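Since the structure comes first, as structure tokens, the remarks are kept for the end.
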Amino acid sequence: MAHSQAPTVPDVPPLSPASNNDLIQEELKLLYNTGFNPALQSKSKTSLYVTYVFDVYKRQAWSGSTLAIQFAEDFEDFKQEDFNNCDKETLINLRKHMRRNGVYVSMKRFEPVAKALADAIKDELPWPELDKDRPNNLPLHTSITPPKNEPSSSNVNPTIESKYVNNYHSQQHDPFFPRPVQQNFRSSYTPNQQNPSLLHGTNYIDQSPNTLPNPEEMISKTYNSNTHQGFSRELMSLNKMYSEENKYSGLPTESFTYKFSIFIDLASKSEIPQDALPTAFSTMLKGMALEYYYSCCQGSTLTISQLIKRFQEHFEGEEHRRNMLREWNKINLRDMFHKNPSKEKGFVFNEMVQILRATQRGLDQEYQTDSALRNKIISACSNIPACSSAILQQTHSISALCNNIYAALEYNETAIRAESSDPALILEIDDYSSRC
């Protein structure tokens, strides 16, 4: 008689390398979005994080100031010893990638690559003029370096409005005002004089003088041109349509592009033709922006394109965008709750979304997408337990996401108030919620 064999229990297959790798990638993605502190992570995790970020840079193909700003944000807490924990070949390739894409990272004999990368985090270092990898489209330092007895623009903190208000009158010593470019500078980009390019990132530098003409020149330039004639009724109509809140003052929290879109909309409704836009331009200004216009632009024969270029370079340069990105990264809902303890949580959340939208307008183009705003809202609310269920729900629009988070916060507030007044009532609320 044959012996019956006992049934065998199949072994649970071990986690495949591919699945394990996917889990690691998801964890690294979460750390990348929420912030990575190498002091709180293992050496192996730190090395994997550097490799992950390097892959992101290659995939996104960032360059110039965008890459420099993102590098500083992604490795904000890194020191030389943290980079020393990483694979040396990866560090060498990362430095090579940064240099090829316009970001200066030191490359000297006997200098560790970990030190060079750590130094690049502290500040966006200028390219040495004799460096063989220096981009050809950069101007020479001798053309743009300010005198030694004047402060550099890095000393200006554009997030503090009082400094702007107190200092913008002293144009000669204020680093916020642009410095004249030497006449021997030659840009590698020459725009069409009939239609200058308005795109960011070009090497075109407007060489129109930033100084005011004398009174006789003002009279000659103004009354010998025809730009002021024939549009008085339209200009008056535009002035009546403008409210103070729609004007641009040049503060760090404002977006020139957003305020200019209002100007174009009202100008078209006032039937102002395109060739009269330079004359009407000052209508959209107030505060220090208007002061700058009358100090450096009024009386000049600047086209509307040149005015746009000049104002964007003056008020929204590299340092401004860098600070706006820092403000964007710092915003989170928990801090907003701490700053507004007496306000309802849902109201504070709506305020945070409005601040994010306003801040987003001052960022580089790649951050001005709905996807970037959506990811930032989720990240800003991720450490609030009441928001966890709303964040996990699949939504197809930012408004739907915001409605879900707002409803979750309001429900949580109602439950807390009910429990504090009548502990039995919270059971009724939970029972009703489970039936819905």
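Taking the Cα-to-Cβ direction at residue 257 and at residue 420 and moving 7 Å from each Cα, how far apart do the two end points lie in nm?
It is 4.3 nm.
Using 0.36 nm times the number of residues separating residue 323 and residue 58, minus their current alpha carbon distance, what extension gain do you get?
In short, 93.0 nm is gained.
Once both labels are modelled 7 Å past Cα along the beta-carbon direction, what's the residue 246-residue 93 spacing in nm?
With each label point 7 Å from Cα toward Cβ, the separation is 5.4 nm.
So what's the net charge close to residue 79: Lys and Arg +1, Asp and Glu -1, counting the other residues with Cβ under 12 Å from its Cβ?
-3
Using each residue's phi in segment 73-81, evaluate 6.51 cos²θ - 1.76 cosθ + 1.60 at θ = phi - 60° and report the 3J(HN,Hα) Karplus result to the nearest Hz, with x for Gly and Pro.
So the J values, rounded to whole Hz, are 6, 5, 10, 4, 9, 7, 10, 4, 5.
Hey, for a label at residue 127 modelled as a point 7 Å past Cα toward Cβ, could you say which residues of segment 96-116 have their backbone N under 20 Å away?
Residues passing the 20 Å test: 96-109, 116.
List the lysines whose Cα sits under 27 Å from the Cα of residue 45, skipping any in the same chain fewer than 8 residues away.
Reachable lysines: 29, 58, 79, 88, 96, 115, 122, 330, 376.
Using 1/(1 + (r/R0)^6) with R0 = 30 angstrom and r between the beta carbons of residue 41 and residue 111, what's the FRET efficiency to the nearest 0.05?
0.70
Quick one: net charge of residue 131's neighbours, Cβ under 11 Å, K/R +1, D/E -1?
Result for the local shell: +2.
Which order do peptides 412-419, 338-345, 358-365 fall in by mean Cβ count within 10 Å, highest first?
Packing order, densest peptide first, comes out as 358-365, 412-419, 338-345.
Would you kindly derive the ³J(HN,Hα) couplings of segment 266-273 from the backbone phi angles with the Karplus curve 6.51 cos²θ - 1.76 cosθ + 1.60 (θ = phi - 60°), listing them in order in whole Hz, with x for Gly and Pro?
5, 5, 5, 5, 8, 6, 7, x
Go through segment 313-318 residue by residue and turn each phi into a ³J(HN,Hα) via Karplus (6.51, -1.76, 1.60, θ = phi - 60°); whole Hz please, and just put x for glycine and proline.
With coefficients 6.51, -1.76 and 1.60, one gets 5, 6, 9, 10, x, 4 Hz.
Under Stokes-Einstein, with the Kirkwood radius over Cα pairs standing in for Rh, what whole-number D in µm²/s applies to segment 32-108 at 4 °C and 1.567 mPa s?
In µm²/s, the coefficient is 102.
If amide hydrogens are placed 1.01 Å from N in the peptide plane, which non-local residues have theirs closer than 5 Å to the one on residue 248?
It is 285, 286, by chain and number.
Taking the Cβ-Cβ separation of residue 282 and residue 358 as r and a Förster radius of 30 Å, what is the calculated FRET efficiency to the nearest 0.05?
Calculated value: 0.80.
Excluding residue 106 itself, calculate the net charge of residues whose Cβ lies under 9 Å from the Cβ of residue 106, where each Lys or Arg counts +1 and each Asp or Glu counts -1.
+1
Read-outs: derived from the displayed coordinates by stated rules, not from any lab. Since the structure is predicted, the reported quantities are computational estimates derived from the model, not experimental observations. In this analysis, Cβ positions are derived from the backbone assuming ideal geometry, glycine residues included, and neighbour counts consider all displayed protein chains.
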